[in-house]
Amino acid sequence: MFSSPDIQAILVSLQAASLGTILGLPLAIGIAWVLVRSSFKGKAILDILVSFPLVLPPVVTGYIMLIVLGRQGPIGSLLYQTLGINVVFTWVAAGLACCIVSLPLMVRALEVAISGVDHKMELAARSLGAGPIKTFTSITLPLAYRGIISAVLIAFARGLGEFGATMIVAGNIPGKTQTLPLAIFTNLQTGDEANAIRLVAFSLVLASISLITHHILLKRRGFRSQ
Amino acid sequence: MNEFLNFNFSKSYPDFELRTSGSFPHGIIAIFGPSGSGKTTFLNCIAGLINPDIGEIRLNQKLLFSTNAKTNLSPDKRRIGYMFQENLLFPHLTVEQNILYGYRLTKPEERRIDPEHIVDLLEIRPLLNRNTEGLSMGEQQRIVLARALSTSPHLLLLDEPLGSLHASMKASIILHLEYIYKELQIPIIYVSHSLSEVLKISDYTMVMNQGNQLFFSATKNLLEHPELSSIISPGTIQNIFEATIIEHRAIHGITMVQIGATVLAVPYIQEPTGEATSISISASDILIALEKPQNISARNILITKIEKIDSLGSTILIHTNSDPSLKVEITSDALNEMKLSVGIEVYLIIKSNSITLMD
């Protein structure tokens, strides 16, 4: 039913969205925790910075990433010189693009979840001998379970839909960096509407799977995250 | 003197300042005062959840906090068990996992208390495999207590632990606390705004008002302090006893109970004779007469002598030498007019309906 480039595009999309979510989750948890539980000067700046990818056109985000990760860029040159890795125009770049654009969504979902955890629960854990990290991993995170599930699925779904930033920083190379949305776009551009519709249908299926998974996971665990 | 806690610190807020210094002898210490007097802030400073602005706290001579020495042990290093006002069971863990949470974090060489023993002591073994939903308040409280004790703390802090409890639960927790102190020798600091509870439970009392420490006293002498009158309101003092059911007079709607050498008629209860029950009588619900009242509807008339008279401002608290001793609250006007004094014989009149059964 799907041609080989289509399957490639689906796989690249899944890979990129997974990588973006895996990289983004710990980062988002850390940022959300800092935003909710700590107070320091410059917290407002962090808050604003986190939201940036949400308000910037993805193409602009992609372009900034291209500059930073490119072989001449500060991070890109470092990676190339030390490890011989080139990130731009690979599926990894697509994954990083997913990570950056979905980060604000994850942070917001996690902020709500972490601030919903009764701080006194954490204090109770501290008084029982748990240090800050143990308290966070054994009390805060499990109680923020629902928020984490939501954050992961929102990020993954956003990653699957990533278009603008990916196109700039990873390109639209069929079989290599062409993701599902890019493949749909290309098919429409070249007039292959039938193929585009098949991919659109598949996108619908993927989105439905995400939402159903979300629903099932949240229903399964009995406890409330207070 | 065998003191476990030495402290001298202050903490300011925009609208409130806590200033306190002293040392607590080993025992059950009550912190008594009205709401907003700084009792919980005091506990939080001891536990390390709030940092005082200036001062020092030592537990068993070990420095927990000092602005001079720049020492501030984090709460998890202080080895202080803390029972908050709310029960705060971890909802994602079973009862057993809750109890073992702190035990597992306690270094093996510091484990002096066996959770198995605590579980039996507090009668929660049947609950171990349950999750935390659907537990009664009393059960939750015993689990939280077991969880705190399983860390082998050097001090146990309780913030109004009986506040949310039904009366019979209160009596049961009170007995548990006394037993815990005797058995495990862990000093207890207990915050309460109920004078009857304080009198019932504690060995020593620190009285606080508006962030200041009014005085510290052995609880048995507490009522002799005239400063107390400024913070207690009339009608709040209760006589609380463990009573044994000795006879039912169902058709008359009463049950006879025995407390010490005293037999009282109380409202009918459906418990077999021989069972223990807790009863409470408000000190202001007991009448005093100089002659034996005749033809009176009240079912309980006791003859006793006045042992002690405490003045709490406009109200007077009379202690009788009956077994058990009862506290009776009257106005100073009544005291003067009746010319009551220590040693004279009086009749106490108690309506059976003013005796509350704590079931």
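The values are calculated or read from the model by the stated rules, or taken from the named source; none is laboratory data. Worth saying up front: this structure is predicted, and the values here are computed from it rather than measured. Backbone-built Cβ (ideal geometry, glycine too); neighbour counts: all protein chains shown. SASA here: full protein model, heavy atoms, side chains in, ligands and nucleic acids out. Shrake-Rupley method; radii C 1.70, N 1.55, O 1.52, S 1.80 Å.
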Discussion item. Among the residues of segment B:59-70, are any part of a helix (DSSP H, G or I) and either within 14 Å of another protein chain (Cβ to nearest Cβ) or surrounded by fewer than 15 Cβ atoms within 10 Å (Cβ to Cβ) (or both)?
Written reply: no
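Listed here are the residues, each with its yes/no results for (1) within 11 Å of chain A (Cβ to nearest Cβ); (2) not acidic (Asp, Glu).
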| position | (1), (2) |
| --- | --- |
| B:Gly81 | yes, yes |
| B:Glu86 | yes, no |
| B:Lys107 | yes, yes |
| B:His117 | no, yes |
| B:Glu139 | no, no |
| B:Leu145 | no, yes |
| B:Thr151 | yes, yes |
| B:Tyr179 | no, yes |
| B:Leu184 | no, yes |
Item to complete: Would you mind telling me which numbered condition in (1) among the hydroxyl-bearing types (Ser, Thr, Tyr); (2) under 26 Å from B:Asp323 (Cα atoms); (3) open to solvent by less than 40 Å² (accessible area, probe 1.4 Å) B:Tyr190 fails?
Response: (2)
Worksheet item: Looking at A:Leu66, is it free of Cβ contacts under 8 Å to residues at least 12 places away in the same chain, under 22 Å from A:Ile173 (Cα atoms) and part of a helix (DSSP H, G or I)?
Response: no
Fill in: Selection from segment B:40-58 of residues that are farther than 22 Å from A:Glu122 by Cβ and either outside any strand (DSSP E or B) or within 14 Å of chain A (Cβ to nearest Cβ) (or both)
B:Asp53
Discussion item. On the basis of being away from chain B (no Cβ under 14 Å) and either open to solvent by 50 Å² or more (accessible area, probe 1.4 Å) or among the polar types (S, T, N, Q) (or both), does A:Gly171 make the cut?
Written reply: no
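Results for (1) open to solvent by 30 Å² or more (accessible area, probe 1.4 Å); (2) in a helix (DSSP H, G or I); (3) within 14 Å of chain B (Cβ to nearest Cβ); (4) at pLDDT below 95, shown as yes or no for each residue.
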position	(1), (2), (3), (4)
A:Thr82	yes, yes, no, yes
A:Val87	no, no, no, yes
A:Ala97	no, yes, no, no
A:Ala130	no, no, yes, no
A:Ile139	no, yes, yes, no
A:Ile148	yes, yes, yes, yes
A:Ile154	yes, yes, no, yes
Worksheet item: So which residues in segment B:239-276 are open to solvent by 50 Å² or more (accessible area, probe 1.4 Å) and in a strand (DSSP E or B), if there are any at all?
Response: B:Glu242, B:Thr244, B:Ile246, B:Glu247, B:His248, B:Arg249, B:Gln258, B:Val263, B:Ala276
